Every structure is written in C-alpha cells, then in structure tokens.
Amino acid sequence: MGFPEGFAPGVIGQVESAMYGLKDAPRLYGKHFKRIAAEEGWEEIVESIFVLKDEEKKVKAVMAVHIDDLLIFSADPAHDFEPLRQRLKMNEPEILSVGGEMGYTGLEVRKNKSGFEISQEAYLKLIPVQTDDLPRKSLSPEMLNEEREEEKEEDLVAVMIKVMGDSAWLGMSDVC
C-alpha cells in the first residue's frame, strides 16, 4: 500500500484539516447535538449540562456532555434518553443499576438507592505527593510585611504548576 503522496517516514508536515474531517467538525457536531436535544425537550442550563423537565416543569433528568460521551442521571434513563438516542443514531446506553459503579475521566460514579454519588477518591490516591519538594518557609508576620521580592527557586516552579493543575481539575464543579 505505502504512504500517500508527499508523506514518508521522517517527514514532518502541517495538517490543514483534522484527521477525521473538517477542523470545525467538533463545533458543528456540538451545534447539531444542541439543536436536536432542544427539539427533544432537553434544555441547556449551562455549557454542556442539560435538563429534561416533566409536565409540571420539574427536572426529571440531567445530562452532562463531555465531547461525545453523555452522562444521564434519571430515575428512568433509558426512557428519557431514547428519543434523543434514536434521532442521533447512538448505540444502546450503559445503565448503572443500584450498587453499580463506573469510572469516567477521573470521576467514579456510583448508583445507590437514593441516587448517585460522584467521587474523585481514586484519582486523588493516584496523585503523587512529594512533600520533600514543597517549600518549608515560615510565614511569620515579619516575613509577610517585607517588601523585598525574593528570587524564585526554579525547582519549585514545576512542583507548583503540578499542584495548581491538580487543584484546578479537583475544583471543577461543572458536573454537579
């Protein structure tokens, strides 16, 4: 078979469109998904979080969208999701039963008798804590009042970037 014209081992080139379609395919799909979801009664309350309401305007289902994955929280997810699934020609959904658990991008979702539990416990246990790398400086009142700027310790910059990145991920509240 071989390589397409202009491609060979060791050659670097610039991609002008995504491997699986147009550069704006994700935006177009998102726009299409939102239109179909709205037509099926789902209301987007914040970016990528949708609710489905019953006749009395009470929320009966919540759907969180992450790229092309949907997490639906409902008493009857198969029924609530079916019209949308049919319109978008999606596969059968995985449904958690009571006691069931699934992992998803750093989250664990468990279904219990009263609803769902969302946790990041397993993710937190994976984060290596290297206490030897952390600064050990006293924050005495004298130190806080000093107006001189100290020189940054470059080896701590990488540690702080890692800590801030992990903190940002743990602090995301868009899902709940």
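The values are calculated or read from the model by the stated rules, or taken from the named source; none is laboratory data. All values derive from a computational prediction rather than experimental measurement. Glycine also receives a Cβ, built like all others from the backbone with ideal geometry; neighbour counts cover every protein chain displayed.
Every residue, every condition in (1) more than 13 Å from residue 42 (Cβ to Cβ); (2) modelled with pLDDT under 80; (3) within 21 Å of the chain's Cα centre (by Cα); (4) acidic (Asp, Glu), yes or no:
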| residue | (1), (2), (3), (4) |
| --- | --- |
| 64 | no, no, yes, no |
| 71 | yes, no, yes, no |
| 79 | yes, no, no, no |
| 86 | yes, no, no, no |
| 89 | yes, no, no, no |
| 103 | yes, yes, yes, no |
| 109 | yes, no, yes, no |
| 116 | yes, yes, yes, no |
| 119 | yes, no, yes, no |
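Restricting region 113-122 to residues that are surrounded by 11 or more Cβ atoms within 10 Å (Cβ to Cβ) and out of contact with any Phe, Trp or Tyr (no Cβ under 8 Å at 6 or more places or on another chain), the residue that is farthest from residue 79 (Cα to Cα) is 122.
When the residues of region 51-89 are filtered to those that are surrounded by 13 or more Cβ atoms within 10 Å (Cβ to Cβ) and without any contact (Cβ under 8 Å) to a residue 12 or more places away in the chain, the one that is farthest from residue 35 (Cα to Cα) is 59.
Checking every residue in region 93-103 against the condition of being surrounded by fewer than 15 Cβ atoms within 10 Å (Cβ to Cβ) and over 19 Å from residue 117 (Cβ atoms) gives at least one match. A count restricted to region 90-127 and to residues that are touching a residue at least 12 places away in the same chain (Cβ under 8 Å) and part of a helix (DSSP H, G or I) stands at 4. For residue 55, the test of being out of contact with any strand residue (DSSP E or B) (no Cβ under 9 Å at 6 or more places or on another chain), of a type in the set (Asp, Glu) and not in a loop (DSSP other than H, G, I, E, B) is failed.
Yes/no per residue for (1) at pLDDT 85 or above; (2) among the small types (Gly, Ala, Ser); (3) in contact with a Lys or Arg (Cβ under 6 Å, 6 or more places away or on another chain):
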site	(1), (2), (3)
24	no, no, no
27	no, no, no
32	yes, no, no
39	yes, no, no
48	yes, yes, no
60	yes, no, no
